[in-house]
Amino acid sequence: MCGIIGYTGILNAGQIIIDGLMSLEYRGYDSAGFAYFPDNNTDKIEVIKSTGKVCNLENKIHENIKENHPLCGIGHTRWATHGGVSETNSHPHSSGKVTLIHNGIIENYQELANKMAAKSKYPVSQTDTEIAAMVIDSYYNGDPYEAIKNACNELDGSYAFCIMFSDIPGCIFSIRKNSPLVGAVCDEGSFVASDVVAVIDYTKEYFILPEMTIAKLTKDSFEICDFDGNEIIPEIMHINWDIAAAKKGGYDHFMLKEIHEQPEALLKTIAPRIVNNLPDFSNDGVDDSLFTGLSRIVIVACGTAMHAGMLGKIMIEKYTRIPVSVDIASEFRYADPILDENTLVIAISQSGETADTLAAIKLAKNANARTLAVVNVKGSAIARESEYVLYTHAGPEISVASTKAYTVQLAIMYLIAYRMALVNKLADESVISLKISGLLDSMDKMKKMLEMDEELYLITSKIKKADNIFYLGRGIDYAIACEGSLKLKEISYIHSEAYAAGELKHGTISLIVDNVPVIAFATQDNVYQKVISNVVEVRSRGAYVILVTKAGKHVDTTLCDHHIVLPRMDEEYTPFCTAVVLQYLAYYTAIRKDLNVDQPRNLAKSVTVE
Ligand code: F6R
């Protein structure tokens, strides 16, 4: 949450910061700010702030800086935690010679604020960040390293800072703890940012700033040292996706583009893990021993990633008969979970940064459980904390609502289930080989579903008027219903709930009245008739029913207002098609309501706070 970027070099820092903030806007978009040295030789830092989107800040920068473009600056796009949305609360914050931007939360800020007040320094904003600026400034006597080190020893919580000292023009200092920060250097200067998407226009080489080290950026150097002054050489990484992946590429929205990228993302995720038509994680360095001797598996994740975990549970239990539980990471971490060396904890996360999932995996490690991360972002915190990592290769997902990252997570869960079945000799190679063919084939089916956009668009004319919507399903379809409901709420702001279809009559059916939309998934043969009975129940109470089945089912047309037919396929793979249905329904409902699809209100893509 919150995107930060710093640049010092030979180019127009204002433009670089604005471009960078626009690519980081998915991390927060309620206000933005920019601080810069107006002239590299003066003892002065200027600050420009604006509420709302980064484009508001851009306008202000253009009004204020018409010539002598700055060569060094820091910029921030905010997702408010402490203090409401206002210019005063937006970053950068200054105290004395210090001006900084921050991503994270200073947990002991109140205590520190009291201490500062005792020294007759009072904050002007309601933010924890301004307190951090005050603490650093209180230790500053001309030595930035000492000031940062002493201040960080007092700060609890998570942070990534870009700091400028007014008497050190042209220079940016950075430090991070439990919040992401990457660095990059090229001929045009030095960069530090929350995400590589902000620097990819300039270089494809980057590094992750090691935690609790201090980086000093100048126009031609990027030096990192630890608290004892020892130089640290970071590991250089290479961005393995093209810059086009982070642009809209002709689509109206990132979400629509990312929905369409799914078959390709799936192929990129699955293909490198298929050897002789069998799942194989040796190129990922995941040892088969990870999958043996297990008494229990726990999947931890949040939101959409947790919904991928729900399907993972069904698949792993089906193929291994090992009990799997799916835990919401924010609950798991405080629930005193039962873990031991025979437990495998799988953390699923697109960003690899989600604070609760990160804490959950750390807890699992401390309890001696085995750990495996399924993450999309290379080198992210969750990947680094876990014993093993399986990267999903979705490429950058910019839209706040997750789509392609979800389906590639599903694919990895399927591969894990199949590999575990093989390793534990619970299924023959011939059986698993057929499963892999089915999985690969589902990508073609998914392509067919992508062509159903017009049909699904038409259906949303009714949905967009609803106040409440219900998603129903059983088994695999219940997991899909949960994701469908979340996606719709998230971007269309319509209240919806997902129900296990058989559970509705234990209370919630009282909410079904004339014209309440019910989206029922009935793709699983063993419970098909049961779901249809549940559809009859809601239909007889006036529900407006959208029924999703596989091809080949004879459906009584009086049962539903719309019948969405998936291609003929093995029921195990229907999630790759029903995912498209739920994504299109959410997307087109939001479009019809003229909402900001890619940046829904109150949300941010990376949830790095609890
Ligand atoms: C919803 C969505 C969120 C994320 C959740 C976890 O569309 O994207 O529910 O799935 O915040 O994020 P990651 O996967 O980054 O841990």
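The values are calculated or read from the model by the stated rules, or taken from the named source; none is laboratory data. It should be emphasised that the depicted structure is a prediction, and the values quoted were computed from it without experimental measurement. All Cβ positions, even for glycine, are placed from backbone atoms using ideal geometry, and neighbour counts span all protein chains on display. Accessible surface areas use protein heavy atoms only, side chains included; no ligands, DNA or RNA. Shrake-Rupley method; radii C 1.70, N 1.55, O 1.52, S 1.80 Å.
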Could we say that ILE328 is within 12 Å of the ligand (Cβ to nearest atom), closer than 19 Å to TYR406 by Cα and surrounded by fewer than 20 Cβ atoms within 10 Å (Cβ to Cβ) here? yes
I need every pair where a residue in segment 424-444 that is touching a residue at least 12 places away in the same chain (Cβ under 8 Å) and under 14 Å from LEU278 (Cβ atoms) has its Cβ under 7 Å from the Cβ of a residue that is among the acidic types (Asp, Glu) and open to solvent by less than 40 Å² (accessible area, probe 1.4 Å), sequence separation at least 6 or different chains. GLY438/GLU572
Checked LEU450, LEU488, LEU458 against criteria (more than 16 Å from the ligand (Cβ to nearest atom), within 26 Å of the chain's Cα centre (by Cα) and hydrophobic (A, V, I, L, M, F, W, C)); the one match is LEU450
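To keep it simple, each residue is scored yes or no on (1) surrounded by fewer than 23 Cβ atoms within 10 Å (Cβ to Cβ); (2) aromatic (Phe, Trp, Tyr).
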{"site": "CYS2", "(1), (2)": "no, no"}
{"site": "SER23", "(1), (2)": "no, no"}
{"site": "PHE37", "(1), (2)": "no, yes"}
{"site": "LEU57", "(1), (2)": "no, no"}
{"site": "GLU67", "(1), (2)": "yes, no"}
{"site": "LEU71", "(1), (2)": "yes, no"}
{"site": "ILE74", "(1), (2)": "no, no"}
{"site": "GLY84", "(1), (2)": "yes, no"}
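Results for (1) under 29 Å from ALA244 (Cα atoms); (2) at pLDDT 95 or above; (3) open to solvent by less than 10 Å² (accessible area, probe 1.4 Å), shown as yes or no for each residue.
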position: ASN153; (1), (2), (3): no, yes, no
position: PHE173; (1), (2), (3): no, yes, yes
position: SER190; (1), (2), (3): yes, yes, yes
position: ASP195; (1), (2), (3): yes, no, no
position: ASP201; (1), (2), (3): yes, no, no
position: LYS204; (1), (2), (3): yes, no, no
position: ILE233; (1), (2), (3): no, yes, no
ILE591 fails exactly one of the following numbered conditions: (1) more than 16 Å from the ligand (Cβ to nearest atom); (2) buried (at least 21 other Cβ atoms within 10 Å of the Cβ); (3) of a type in the set (A, V, I, L, M). What is the number of that condition? (2)
Give the residue, chosen from LEU410, LEU450, that is surrounded by fewer than 18 Cβ atoms within 10 Å (Cβ to Cβ), touching a Pro at 6+ places or on another chain (Cβ under 8 Å) and within 30 Å of TYR493 (Cβ to Cβ). LEU450
Could you check segment 348-374 and list, in sequence order, the residues that are farther than 14 Å from LYS605 by Cα, open to solvent by less than 30 Å² (accessible area, probe 1.4 Å) and in a strand (DSSP E or B)? ILE348, THR371, LEU372, ALA373, VAL374
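Among the residues of segment 590-610, write down those that are among the hydrophobic types (A, V, I, L, M, F, W, C) and in contact with a strand residue (DSSP E or B) (Cβ under 8 Å, 6 or more places away or on another chain). Outline the logic, then answer.
Applying the first criterion (among the hydrophobic types (A, V, I, L, M, F, W, C)) to segment 590-610 yields 590-591, 595, 597, 603-604, 607, 609.
Across segment 590-610, the qualifying residue is only VAL609.
How do the helices (runs of 4 or more DSSP H) wholly within segment 453-567 filter down when requiring 3 or more residues that are buried (at least 20 other Cβ atoms within 10 Å of the Cβ) and among the small types (Gly, Ala, Ser): which remain?
476-492
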Here are some residues: LYS216, LYS149. Which one is open to solvent by 30 Å² or more (accessible area, probe 1.4 Å), at pLDDT 95 or above, farther than 23 Å from ARG384 by Cα and out of contact with any helix residue (DSSP H, G or I) (no Cβ under 9 Å at 6 or more places or on another chain)? LYS149
Can you tell me which of ARG296, ARG273 is open to solvent by 50 Å² or more (accessible area, probe 1.4 Å), in contact with a strand residue (DSSP E or B) (Cβ under 9 Å, 6 or more places away or on another chain), more than 16 Å from the ligand (Cβ to nearest atom) and modelled with pLDDT of 95 or more? ARG296
Within segment 266-275, identify whether any single residue is closer than 18 Å to ALA364 by Cα and touching a residue at least 60 places away in the same chain (Cβ under 8 Å), and answer yes or no. no
Could you list, ordered by first residue, the pairs with Cβ atoms under 7 Å in which the first is in segment 585-610 and outside any loop (DSSP other than H, G, I, E, B) and the second is open to solvent by 10 Å² or more (accessible area, probe 1.4 Å), at least 6 apart or interchain? TYR587/LEU256; TYR588/TYR457; THR589/LYS464; ARG592/SER461; ARG592/LYS464
What is the residue count in segment 332-373 for residues that are away from the ligand (no atom under 14 Å from the Cβ) and either polar (S, T, N, Q) or farther than 19 Å from ALA421 by Cβ (or both)? 20
Residue count, segment 360-392, condition hydrophobic (A, V, I, L, M, F, W, C), at pLDDT 95 or above and farther than 21 Å from LEU410 by Cβ, comes to 4
Are there helices (runs of 4 or more DSSP H) fully within segment 81-179 with at least 2 residues that are among the β-branched types (Val, Ile, Thr)? List them. 128-138
Return yes when ILE432 is among the β-branched types (Val, Ile, Thr) and within 13 Å of the ligand (Cβ to nearest atom) and no when it is not. no
